[in-house]
Amino acid sequence: MGKSIPDFPYIKGWVRTSLIDYPGLIATVLYTACCNLRCPFCHNPELLFGGEDVDSIDLIEILNFSNLRKGMVEGIVVSGGEPLLHASIIDLLKLLRAQALKIKLDTNGCFPDRLQEVLHLGLVDMVAMDIKASKNAYDKATGIRHLLPDKVVQSLQILKSSNIPFELRTTIIPDFHTKEMMRDIAEWIAPVDSYVLQQFQPEDTFAPDYRKLKPLSEGELISMKQIAEQYIQNVSIRGLH
Ligand code: SF4
């Protein structure tokens, strides 16, 4: 009898094929439920508290996905929620690793010890980490009172000391990310190879008030990018339609 595959009930979302979630690769994307943060602009609010109203997805179904079997998928993205919140994410990544596909992990940077373990075990090929705000505005950006970004600082240090590619990204929130804050963030995270400014999407945000906000115009985002470019060479904008 074959080895049984353990359950990962926190796998609550699955986009079978994506061209935008793993730079340069066709990927399948898994979403894990639960997050330690409460970012008001979060657009996966149904997953924040554990996604009890959302059915779990059986890992077997994902592993049997025909495009994965036929080699039409090149990578797997593990996103959330916050994947590193779950201790058994290590087991999940090991099982995914056995698929001989590239693996990218999305994280909010709050679990540096687990990130270190993942990297030490060689379980991912790329990490994308959120930088929510400048250091002194992390509490407001994440909806967690008095939150200091110490763990994020540690995670950034771990990524910088590793030899795997990583991407830092900030969703630019209207009336919150000022030019001064952009400068503070870029100064903090530099030097880094790649930094992405993501366009804010007002649909279905966790905080209802944020649904009324008008995203920055293309010109305003380009101004933000130019500020970041004073510190970081490779800055891009994602999500402009
Ligand atoms: S946007 Fe914030 S609250 Fe939502 S999943 Fe990401 S880190 Fe968690």
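Is one or more of the residues making up region 50-70 away from the ligand (no atom under 16 Å from the Cβ), assigned to a loop (DSSP other than H, G, I, E, B), within 30 Å of Pro174 (Cα to Cα) and not polar (S, T, N, Q)?
Checking region 50-70: not a single residue is away from the ligand (no atom under 16 Å from the Cβ), assigned to a loop (DSSP other than H, G, I, E, B), within 30 Å of Pro174 (Cα to Cα) and not polar (S, T, N, Q).
When you scan region 48-67, do you find a residue that is among the small types (Gly, Ala, Ser) and closer than 24 Å to Gly239 by Cα, even just one?
So far as region 48-67 goes, no, none of its residues is among the small types (Gly, Ala, Ser) and closer than 24 Å to Gly239 by Cα.
Please work out if Glu46 is within 16 Å of the ligand (Cβ to nearest atom) and out of contact with any Cys (no Cβ under 9 Å at 6 or more places or on another chain).
Against the criterion (within 16 Å of the ligand (Cβ to nearest atom) and out of contact with any Cys (no Cβ under 9 Å at 6 or more places or on another chain)), Glu46 qualifies.
Listed residues Ala33, Ala87, Ala100, Ala27; which is among the small types (Gly, Ala, Ser) and under 29 Å from Ala137 (Cβ atoms)?
Within the list Ala33, Ala87, Ala100, Ala27, the selection yields Ala33.
Scan Ile76, Ile20 and give me the residue that is modelled with pLDDT under 95, within 21 Å of Asp125 (Cα to Cα) and either within 17 Å of the chain's Cα centre (by Cα) or outside any loop (DSSP other than H, G, I, E, B) (or both).
That would be Ile20, the only listed residue that is modelled with pLDDT under 95, within 21 Å of Asp125 (Cα to Cα) and either within 17 Å of the chain's Cα centre (by Cα) or outside any loop (DSSP other than H, G, I, E, B) (or both).
Select from region 73-94 the residues that are open to solvent by 50 Å² or more (accessible area, probe 1.4 Å) and not charged (D, E, K, R) and write down the one among them that is farthest from Thr170 (Cα to Cα).
Residue satisfying both the conditions and the ranking: Ala87.
Return a yes/no flag: does region 200-207 have any residue that is on the phi > 0 side of the Ramachandran plot and open to solvent by 70 Å² or more (accessible area, probe 1.4 Å).
Yes, because at least one residue in region 200-207 is on the phi > 0 side of the Ramachandran plot and open to solvent by 70 Å² or more (accessible area, probe 1.4 Å).
Using the structure shown, decide if Gly143 is open to solvent by less than 50 Å² (accessible area, probe 1.4 Å) and at positive phi.
Yes.
Please enumerate the residues belonging to region 71-121 that are closer than 20 Å to Ile20 by Cβ, within 16 Å of the ligand (Cβ to nearest atom) and touching a helix residue (DSSP H, G or I) at 6+ places or on another chain (Cβ under 8 Å).
Val78, Gly80, Gly81, Pro83, Leu105, Asp106, Thr107, Asn108, listed by residue number.
Residues in region 27-41 that are near the ligand (Cβ under 10 Å from one of its atoms) and open to solvent by less than 30 Å² (accessible area, probe 1.4 Å): how many?
So the answer is 7.
The values are calculated or read from the model by the stated rules, or taken from the named source; none is laboratory data. Nothing here was measured: the structure is a model prediction, and the numbers come from that model. For neighbour counting, all protein chains shown are included, and Cβ atoms are generated from backbone atoms with ideal geometry for every residue, glycine included. Ligands, DNA and RNA are stripped out before the accessible areas are found, and what is left, the full protein with its side chains, is counted by its heavy atoms. Shrake-Rupley method; radii C 1.70, N 1.55, O 1.52, S 1.80 Å.
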